[in-house]
Each structure stands twice: as C-alpha cells, then as structure tokens.
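We did not get these values from a lab; they are worked out from the coordinates using the rules stated. Computed from a predicted model, the values in this text were never measured in an experiment. Here the Cβ positions follow ideal geometry from the backbone for every residue, glycine too, while neighbour counts run over all protein chains shown.
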Amino acid sequence: MPDGGGPAQGAAERRLVFRGVTALARAFRGLQDAGCGCEITAAPPEGSPCGLALAVAAADLAAALAVLDALGVVPQGIHPAGPGGLPGDGGGGRPAARAR
Amino acid sequence: MGVIYLDHAATANPKAPGVGPAMLRSLGDCNGNPGHGAHRLSVAATLAVYEARATLAELLGVRDPGRLAFTAGATAALNQAIRGSLPEHGGHAICSVWEHNAVLRPLLEWRRRSGGTITFLPPGPDGAPFRPADLERAIQADTALIALSAASNVTGAIAPVAEAGEIARARGVRLLVDGSQAAGHLPVALDRLPVDLWACPGHKGLLGPQGVGLLYLREGLELPPLVVGGGGFDSAREDPPDEAPERYEAGTQNTPGILGLGAAAAHLLRQDPHAARAREVRHLDALQRGLGRIAGVRLHGAADPRRCVGVLSFAVAGWAPGAVAETLDRRFGICVRAGLHCAPMAHEALGTLPAGTVRASVGPWTTDDDLAALPEAVAWIAARAPEIAAPAEAARGA
C-alpha cells in the first residue's frame, strides 16, 4: 500500500462507488488514516449513485477493502478503470482530491 | 455599559473560537456545492462537511457519522423525527409537560390530523420532570412514540433519559429525545444510550452558529423523509435515497453553518466535559444562592443544581417578568429572557401562566462577576415598584 500519492490512473486501478457522499467521504478518510493511497474522482462510466468514486491502485485493492471492511463502509460496486483516465459525470476524469 | 450575557439557553454568546473562520472558509476555498459535483471545490466542500460530521460524531459518541443528519435546527430535526414516527391514522404518543413547542406543536398537529391521542406525563417530585413509573404506566399497545426533553428549557431540570430509554426499549416503543438544552452541557455517548432518535440545535450548548442542527438516528432506523428533493445523486430515481444521512438532507446544505458547527465541536472536544459540567453546576449554585436570598424573589424548579443544566427561572413579586428583563437590560446591561420560553405546559405546571418567568442561563464564558451582577441587579428591582410596563409580547411569551 503506497503511502503518499494516489494510484496511477488507467487500467491498473479500480474505482469504488458508494451509495452516498457521506459513505464515500468516510471511506476516503478511513483509507487516508490507514495510509492507503486513493483519490476521489468523478463517477466512472459504469455510474455511481453519488456521482463520485474512490480510485485505488488495483494492487492495493485487497488492502483497501480490508480497511473499509473494518470501518464498516462497504462499496456498492468496484469498477475497472477505463482507458484514458476517468470520464464521469463530473467530466474530464481529473482526480478531485488525493489522500496522502 | 458592558453586556452581561445570561441567555445561553436561547443561544450561546460568544460562539466557540474558530467558528467564524470556519464559516468564512465555506465561502472561500471550499465554496462548492457539497455532494453536488465532482470538481475540486465541490469535493472540498463535500470533505469539509464530512469532517464536521465526523467531529460531531466523535463529540456525541456516535460510531458512524452517517447516523447524524444535518438539519436546519432542532425544530426541523424534531419535526422530522415526530412526523416520521407517528401513524397517519390513530395511534398514541407520550411526552412530558416540560416539552418545548418544537415538540408540542408537531404532536398537537398530529393529534388534530390523525385522531390519535397524547399522554402528558405529570411533573415528578422535587422538580423532576417526570416519574419513570408514570412513563411505564402510560405506554399503551398503540404507543408509537415517546418524546422527552433531556433537560427543561424553563427550569433546567434533567430528565432520566437513560431510564426512560430502558423502559421504552423493553416495551418496544420508539424514544425521541430533545437534546436542545443538554447537548454540550451534559457528557453524552448516543450509541450507548437506549434512545432511537435524538435532536439538538447547533447554536446553544454546542456553541456553533444558528441555522444548523442535528438529528441522530440509531443504527438500523430510517424514517420517511419529511422533505424530499435533489440529493445530488441517483437523480433518475423517483424516490429519495434509502440511507441516512442523505435521506434527510435534500437540497443544498448549509455549508457555512455546518463548517462553523464542526469547528465548535472541535473546540468542545479539546475541553474536559466533566470539568465544564462541574463549572456549570457551580455557576448555577451561585445564581440560586444569590437570587434565593432576595426578598420577593421566587425560584422555580429543582433546588439541587446537580440535577439541572445551567438554566434557572425566577419571578419577582409585583413585577411582570418582561418588565424585570427589560429593566435588567436597560439599566444593568444584563441579557436574560422573559415569558413562557415556548413551553406553555411547563408554566401551567409551575403555576406561572400567563406571564411566565424570568430565565437566566449560564455558558462556558460566564464569569464570577456576571454571577454577582444578576442578584445585585434583581435586588435593586425587587426593592422598587415596577417602573416599566411589561411588553405585551413578553407577557404572552412570544
């Protein structure tokens, strides 16, 4: 699990979606506190109820899910990243916030 | 003339350090719409709102911050809880006579609309809000809700909420607690209390700004939302979100208020709640002693300050409460509240209808000089004939 910087964008990452922004923010903070790299991104093409997703490196997915499981925050879905970044309903695929 | 502020039960003054800057931040580097966008300012606002929620959850002993919904205030939270808990037709509710109109009026409106019934618990002995045995007896097969203040906004008397919760839980009845005068005054761990719903404002004991409050819903409990609308997600769906807190937070949130309240909660987390409570009891004791020895002054409520939050009601013989408050303000610069304090049944119980009482209430920055000034000023008033007519509004308790 990298400590510092988010995951590389592209196919080597996974995007976790949550029902609401509170659950997403709680997951973001939990991963941040655990030293897991993640980024808040616009919704993946597959959709996200709250229009946002958490991007984590594919290699770190299991560790991230373990942190979230301990926290009691369950992602509603896990999506592969598409090529060329993260087009979503926010547009542009730019990471909006990055956990250290 | 300086201002001596003894109206903290109405709203805390001043607010906690950091509240103003936090509110301004919401107009600056996180001035996006929280939960309604993926650009940097929206996400910054989303995270800032979450941080405020998480800080409040830590302060109030709530494991999952999502169980705290932000509302427009305690009244909005109480309306959501009451209207979301009572049936459309018939049913039964229980409350005490000490309830604020924020509880009474939604209950009375429900009674008119549904044909349901309400049992009002009578006062208990020695200023206690009610007897738990009376609560137990009042529960019926169709009781859908028990709504109780954690502490009276008229006398400050603390209710046996935990005991009431055990009774409610044993009988399978939902318990709503109005924590308006308790939040920030009494140490609380909501997840460990046997309560289902708990409402409070942000601007009183929590020392935050006005216009924001909280509704706590115990794990697993969801209500029909009172207000529905855009939530920033699942927009194609006809129904509002299923889960707290978004289910109860339709529309754009009061981000300045929420961030201010978060800063206030962070301040409170740095304080020792038990030391703060001990100080409050000491201050109330000083006020009781100071006012209690003035001829013509009558104190209302529990005699033991350990059984009250920092609120005290009194009357001065021959003076309308409104005239006392006005004289205290104009002549002495002392801010207190007069009237019915939005709790008419409490005054029926106290025998202080229709004019009500004068209410003084202390806060974390109340000084010994403040505590000495009030009895001195009231002694001056009690020794004289009324010189200011009671304003009609004050006499009605508006």
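Some points to look at:
- Derived scalar couplings ³J(HN,Hα) [segment B:168-179; Karplus, 6.51 cos²θ - 1.76 cosθ + 1.60; whole Hz; x for Gly, Pro]: 4, 5, 4, 9, x, 10, 6, 10, 10, 10, 8, x
- Dividing the summed helix terms, -39500 (n - 2.57) for each DSSP H run of n ≥ 4, by the number of residues in the protein assembly as shown produces a 222 nm estimate of -10500 deg cm²/dmol to the nearest 500.
- Packing, taken as the mean count of other beta carbons within 10 Å per residue, orders the peptides B:133-141, B:210-218, B:10-18 from highest to lowest as B:210-218, B:10-18, B:133-141.
- Note on A:67-77: average number of Cβ atoms from other chains within 10 Å of each residue's Cβ is 1.
- Overall dimensions of segment B:289-343, expressed as equivalent-ellipsoid semi-axes from the Cα gyration tensor (√(5λ), whole Å, largest first), are 19, 14, 12.
- Inter-chain shielding of A:24-33 (mean C-beta neighbours from other protein chains, 10 Å cut-off): 4
- Per residue, the convex hull around the alpha carbon atoms of the protein assembly as shown comes to 144 Å³.
- Cβ-Cβ distance of B:His39 and B:Arg192, R₀ of 45 Å, FRET efficiency by 1/(1 + (r/R0)^6): the value works out to about 0.65.
- Using a cutoff of 8 angstrom between alpha carbon atoms and counting only pairs six or more residues apart, the relative contact order for segment B:19-269 works out to 27 percent.
- Evaluated at q = 0.15 Å⁻¹: base-10 log I(q)/I(0), Debye formula over Cα of segment B:124-215: -0.58
- Build a GNM of chain B with springs between Cα atoms under 10 Å apart, and of B:Trp380, B:Trp365, B:Trp198 the one that fluctuates most is B:Trp380.
- Calculated from backbone phi, Karplus (6.51, -1.76, 1.60) coupling profile of segment B:113-123 in Hz, x at Gly/Pro: 6, 9, x, x, 10, 10, 9, 9, 5, x, x
- Note on B:Asp242 and B:Asn13: their simple-model spin labels are 4.8 nm apart, each label 7 Å out from Cα toward Cβ.
- When you count the other C-beta atoms within 10 angstrom of each residue and take the mean per peptide, B:108-114, B:201-207, B:81-87 line up highest first as B:201-207, B:81-87, B:108-114.
- Restricting the calculation to Cα atoms, chain B shows an Rg/Rh of 0.98 when the hydrodynamic-style radius is the Kirkwood one.
- What the phi angles of segment B:103-111 give under the Karplus curve with 6.51, -1.76 and 1.60, with θ = phi - 60°, is a coupling list of 9, 4, 5, x, 5, 5, 5, 4, 4 Hz, glycine and proline written as x.
- Test item: A:13-20 mean partner chain Cβ contacts at 10 Å: 3
- Largest-first principal axis extents of the Cα set of segment B:193-288 (Å): 59, 31, 23
- Full extension of the segment from B:Ala303 to B:Thr117, taken as 0.36 nm per residue of separation minus the current Cα-Cα distance, would add 63.6 nm.
- Ratio of the Cα radius of gyration of segment B:52-120 to 2.2 N^0.38 Å, where N counts its residues: 1.32
- Convex hull of segment B:1-118 built on C-alpha atoms - directionally averaged projected area, nm²: 11.5 nm²
- Inter-centroid distance (Cα atoms) of segment B:267-324 relative to segment B:117-168, Å: 23 Å
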